[in-house]
Structure formats: C-alpha cells, structure tokens
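Structure first, then comments.
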Amino acid sequence: MKKSCCLWLFLIMTPCLGADEKRPFTIEDLLKVRRVSEPQLSPDGKWIAFSVSELAWDRNTRNSDIWLIPSDGGEVRQLTNSDARDDSPRWSPDGKHLAFISTRGGSSQVWILDLEGGEPRKLTSVSTGADGLVWSPDGNRIAFVSDVYPDCDSDDCNRKRNEEIEKNKVQARILDRLLFRHWNSWKDGKRTHILVVSRQGGGATDVTPGDWDAPPFSLGGPPDYGFSPNGKELVFASNRDGDEATSTNSDLFVVPFDGGSTRKLTTNPGADSTPVYSPNGRYIAYRSQRTAGFESDRWELRLHDLQTRQISNLAPGLDLSAWAINWTPDSRRIYFEVEEKGNSQIYRYDTTPQGVDKVLGGGFSYSDLSISSDGRKLVFTRQTLSAPVEIFRSDADGGNVKQVTSVNGDFMQQFAMSEPETVSWKSTDGTAIEGFLVRPPFFDPARKYPFILLIHGGPQGAWTNSFSYRWNPQAMASRDYVLLLPNPRGSTGFGQEFTNQISGDWGGKVYADLMTGVDYAAGLSYVDAARMGAAGGSYGGYMVNWIAGHTDRFKALVSHAGVFNLVSKYGVTEELWFPEWEFKGTPWTHREMYERWSPSNFVKEFKTPLLVIHGELDYRVPVGEGFQLFTALQRMKIPSKMLYFPDEGHWVVKPQNSRLWYTTFLDWFDQWLKK
C-alpha cells in the first residue's frame, strides 16, 4: 500500500488540504475521532493487535473492534466486526490465538480467535460477566475478573441469585456496611474475584474466594494480578482490612494452583498494587505507597525477592510516581511509566549497572508499552493535546522512533489545530507554577480574545499533554477562546511535596496559584481581561464554587460534578479515606476544617452567572451537591442553569450526552463572554 498524506487506512476519506484550507476542530469532529487503545505485541514481535472504537449513534454508545498490523507498519487487517464491544486483545503464548473481551451475546465474556482462520469462539459463559483477561505462560489457562456473590460456590448459585433479584417486585436494598456503592454502580453484596478457566472452556474456578475484593477496584490500567512464569501460582492485590471505605491498605498475596493455602507477601500500611513476576520467576515488581489512607502518596517502584524475602525500593531518588510495569525478557531491566510535568514518560530501571534513566521523553505522553521477546523493540502509544493516540515503535533505548498506525491521520489533516504552549508564572509566595496555554485556530495576535480558565480534578491530578475526550481544549478553543490549563499545588508530576500541599488547604495556596495564572493570562496582549470565564470538574468544580464566593473577576462560571457542601458530601460519598485525609478527620472530629473550606458558607458573596452540570449516577460527588448549588444560585437571583443527566455518573461518556455537554458548556460561555 502506498503511503501518503491521504492514507485511507481506516476509511476516513479526506482530500489533502493546504494550511489555508483547513478548518477549526469542532465538537462534532471530536466525536468522530477513532480511539486507539491497548496495542499488544505478538510473541514473535511481528504483529500488533489493538482495539479501535468509534461512535454507535443509534445505541448512544461506542463500538469497538480488534485490528492487526505488522509491527513495522503496513496494511492493517480488521479481525472482528460486530455491533458489540470487542476489545482487550491478548496473545496466547504461542502467538496462534488472540483472546479478547466481547459483549456479543449480551454480556461481557472471554472469546478466542484462531489467527489461522475461522470465527471467534466463546470461551466463558459466566453469569456475572468477565473482564481483564490474562493468559497463563503455558497457554493452558486464562484468568479474568468477575463480580460474584462471595457466599456462592458456583456459577449456578450466582445466576439464581441474580434472577431472584431481577424478578423480585421489591427492589429495596438493605445495607449493613459501607462502600455499598462505588463511582457509578451499587455493590449489591458482590465482590470482585479472580476466576481461572481452561483454554478449552468449561467451568471457571474462583481462586480468590471470600468476602473481600481481590483484586480491588481500579480505574483502568494494568491488572492487579498475574501468573508466575511456571504457571503454578498467581499473585494478586487485595484489601483485607475489613473496612474498605476508610482504608487504602491493599497488600499482595500469592495463591498456588496445587491446593496450597494463600500466602501474604506484603505488610506495608499503604497500598501495594500491580504486581508483575520477572520472567525468571525470582522477583515480583510492584508499585507501593508508604502512607496509610492517602491515595495520592507517591507510588514507589518496589521489588520483592522471592528467594530472600527482601523488599527494595528501586528508584528512591525519583520523586515521581511509577505506573505501568514491564520486565525485559532477561529479567535485568524494568520499564515503567512516569507522569512528569504534564507528560507521561517512559523510564527504565537497570540492574547492571544499577540506575534509572529516561527512555522516552519530550513533549509527548506515552503509554501501553509492550516489549518484544528479544528485548530489542518497544511498542507503545503516543499522544498530545493536539494529536489523538496512535501506535509507535522504537529501539529498546528509545531511539529510532517510528509511527506504526495512522488511524486518524487523514481525518485530522482537515483541521487547524492549535499547538499548546507550556507557560509558567510565580504564585503569591514565589512558587513556580506551570500550565498549558491553548490559543484559537487561525490565531491573530492583534485581536482581543475571550478567555477560559480550565481547572482539573483530583485534586491530586494534572492536566497532561494528552488528547482528552471529556475536556478537549481544541474543541473549546475552536470557538475563539484562549484557554489556560494550570497545574497548581496539589497537581501530580511535579514532586510529592508539591502534590501534598493541597491537603487541608483546598481553597488556599491553590486558589492563589490559579489567580496568579489568571493575572498572567490577563497580561497577554491578545486576552480580553474583561471577558474571562472559569470551568472545572470534580475538584475543579469545587474550585469554581469556591471562586464564586471569593472573586467577581469572571463573567461566567461552569461547575461540573463540583463539591458544594463539604459536610453533606462526606455523608453520601463512598471512599471515606479521601475526605478524612484531606480534612484531617470526620465532620464531627474536625468540623472547623470542613466548614472553613466549604463553598456553601460563602453563598452570600455569589455574583457570577454559573452553569451547574451533574449526573444522577455520580456516587463520588453525589448529585445532591449540584442540586444544593443550583438552589442557592436561584434563591440568590443569580443567572444560572443546571444540566442534569439521569444516566451519567462522575463523567459524561455517552456520545449524544457528550455532544449536549459540550454544546451547553460552550453556549453558556458564548452567552456571557461574547457580548
């Protein structure tokens, strides 16, 4: 296939355009971007399997399929084509099969595809569904996770229990402990367990039975479990403190398949997570947090020596958190992701000579790393604020980087994308703060543009150099706005002390960091300081609510899933370790701190028009916070509007809902900032 700027790989046909023919990147365009994820390098290093998702407007969801491409680039081949979710491809150790997760048939199950031909076959039929598959090294078994009733000893028991609940005319719930719901779903007495099934099919065995989650819930990323190289045991993480609502203490455990008892590997009071065996079977590398109850403590890269029982911190001098872990085949090196000043970078730990170095860096965000079986090739995804995810490859030292896929290449050629600029300023105490500045397409420095401050959530999070689908600055800037995406105190990727400084000080130093950032932006010749707005989600929504009671310099505000009343929010959220760490206790032991930083106590100072957005299924910041805020605004006779989603949680993910979110968001700012 001939390669050109008009490469038609994924059927998005667009003529080649000159710079003067390009157009702004709109909301409708954002929704058409195909999402590339989870590239998996074949055992022989010749192929990459990956998933691509796109809109399914009629079902108000996204459809995904599995694709295959030579690891050096070339013609792609679509392996699945269904109306269901087909994703999470995983190679069998012999490279002859791909297992994947599919919802064809109505529920999430493990399927297997023979690469020599034929249709995929369904491997599991678990009534509680399957996800997160992992092959055993000998290729004879597959592990996966499922939410099961801990007192059931068979799938028939789980199936009957589900059917009884569904048929019952009474849908009431009786609660007897905390963490009865999480993020956007009810636990309903179920626990996440690891099940193992033969590659030939048949019944699945629960290898982590008991009234606990094993592994604990995680928001994507690498699995919290894996087989040993000899296939005789499985390591996993689990929180067995007895009160998951107030504890972050997950530990590592090993369960043998010969009938022996489960043994505990770690006793650290903080979280231990994402264990990965070394290929030689001697070590388990994993991530660990020292501090109990603090979910945003630094994730250290640790090594458990299974022979000596010694545990070591591999990168004590690296003041950044380690993420996904990958061993080289010779067990001498570990590659891992690190969030660093707004970019996700790839680092490498080397045992000989011992040390850590950066392999893939610069102004990109890298993820989804795979290492070839000879250790000489890396495959990964790369993205920026102006370019969606594509797959790349490089040599083991990060050199000779080459792009493998161009899933959205032709489509993105249509648009005049604004290249973000990293900017910095000094806060009121002299601390250096960084952020991304995004200008409109076809930017004219002689013009005066309206301005929007975007505030990230977390609060221990960050704006990163990645292509967001929920808060996309390119789509926002296309409406002729200058945007600032600051990373104030509390942000991750700037050292642990920088992250720590927000705890117990939610409206203090962070507010100063943000306002000095606004001062910086207002001083730019092309920003109209009389037409400024601010918006944020989660903690960013909290800060918008705080801003509403502390300054009237903005003409309009948008608060998405924002905390309004810290006292009431404590009683209805789920992960209680979070507010108890941030505000040094409960509302009845440290009431003064909850009251001090609660935006609800400053309603009398509200003056700015404000749009409230909230979802009914948001159990992290429950919808009552949004309703309270909207009620206060209406009673204060402040111009306000509320966008309420009965079918969304903390994030708005359904395509048609997302389009309404963006349209309402930008129309609100147009109304107040373009007068």
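The values are calculated or read from the model by the stated rules, or taken from the named source; none is laboratory data. Note that the structure is predicted; figures quoted are calculated from it, not measured. Neighbour counts are summed over all protein chains in view; Cβ atoms, including those assigned to glycine, are modelled from backbone coordinates with ideal geometry.
Which ones in segment 81-103 are over 25 Å from the mean Cα position of the chain (by Cα) and at pLDDT below 95? Residues satisfying the conditions are N81, S82. Among the residues of segment 363-419, those that are under 25 Å from the mean Cα position of the chain (by Cα), farther than 21 Å from Y347 by Cα and either in a strand (DSSP E or B) or polar (S, T, N, Q) (or both) comprise S386, A387, P388, T405, S406, N408, S418.
Conditions (1) of a type in the set (G, A, S); (2) under 30 Å from P655 (Cβ atoms); (3) in contact with a strand residue (DSSP E or B) (Cβ under 6 Å, 6 or more places away or on another chain), marked per residue:
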site	(1), (2), (3)
S478	yes, yes, no
Y481	no, yes, yes
P486	no, yes, yes
S491	yes, yes, no
N500	no, no, no
G504	yes, no, no
D513	no, no, yes
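Residues of segment 620-637 include none that is farther than 18 Å from P599 by Cα and of a type outside the set (S, T, Y). For segment 129-153, a residue qualifies if it is of a type in the set (S, T, Y) and either without any contact (Cβ under 8 Å) to a residue 40 or more places away in the chain or within 13 Å of V197 (Cβ to Cβ) (or both), and the qualifying residues are S136, S146. For segment 561-591, taking the residues that are β-branched (V, I, T) and touching a residue at least 24 places away in the same chain (Cβ under 8 Å), the one that is farthest from L643 (Cα to Cα) is identified as V567. If you go through segment 441-483 and keep only what is in a helix (DSSP H, G or I), of a type outside the set (A, V, I, L, M, F, W, C) and in contact with a helix residue (DSSP H, G or I) (Cβ under 9 Å, 6 or more places away or on another chain), you end up with just Q474. Name the single residue that is farthest from D513 (Cα to Cα) among those in segment 430-442 being surrounded by fewer than 20 Cβ atoms within 10 Å (Cβ to Cβ) and touching a strand residue (DSSP E or B) at 6+ places or on another chain (Cβ under 8 Å). Ranking the qualifying residues of segment 430-442, first place goes to P441.
Among the residues of segment 516-534, those identified as farther than 12 Å from K555 by Cβ and touching a residue at least 40 places away in the same chain (Cβ under 8 Å) are T516, G517, V518, D519, Y520, A521, A522, L524, S525, Y526, V527.
Checked against the criterion of being out of contact with any strand residue (DSSP E or B) (no Cβ under 7 Å at 6 or more places or on another chain) and at pLDDT 95 or above, segment 111-124 has no qualifying residue.
Residues are listed down the side, and each one gets a yes or a no for (1) part of a loop (DSSP other than H, G, I, E, B); (2) at pLDDT below 95; (3) crowded, with 22+ Cβ neighbours inside 10 Å; (4) not β-branched (V, I, T):
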{"position": "L485", "(1), (2), (3), (4)": "no, no, yes, yes"}
{"position": "F498", "(1), (2), (3), (4)": "no, no, no, yes"}
{"position": "S503", "(1), (2), (3), (4)": "yes, no, no, yes"}
{"position": "R553", "(1), (2), (3), (4)": "yes, no, no, yes"}
{"position": "L557", "(1), (2), (3), (4)": "no, no, yes, yes"}
{"position": "F564", "(1), (2), (3), (4)": "yes, no, yes, yes"}
{"position": "V567", "(1), (2), (3), (4)": "no, no, no, no"}
{"position": "E575", "(1), (2), (3), (4)": "yes, no, no, yes"}
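Count of segment 649-665 residues, restricted to those that are in contact with a helix residue (DSSP H, G or I) (Cβ under 6 Å, 6 or more places away or on another chain) and closer than 26 Å to P579 by Cβ, is 1. Whether any residue in segment 56-68 is assigned to a loop (DSSP other than H, G, I, E, B) and surrounded by fewer than 22 Cβ atoms within 10 Å (Cβ to Cβ) is what I want to check. Checking segment 56-68: at least one residue is assigned to a loop (DSSP other than H, G, I, E, B) and surrounded by fewer than 22 Cβ atoms within 10 Å (Cβ to Cβ).
Does S125 satisfy the condition of being over 28 Å from the mean Cα position of the chain (by Cα), polar (S, T, N, Q) and either loosely packed, with under 14 Cβ neighbours inside 10 Å or farther than 19 Å from F50 by Cβ (or both)? So S125 fits the description; yes. Candidates in segment 264-323 are the residues that are part of a loop (DSSP other than H, G, I, E, B) and of a type in the set (D, E); of these, the one that is farthest from G375 (Cα to Cα) is E295.
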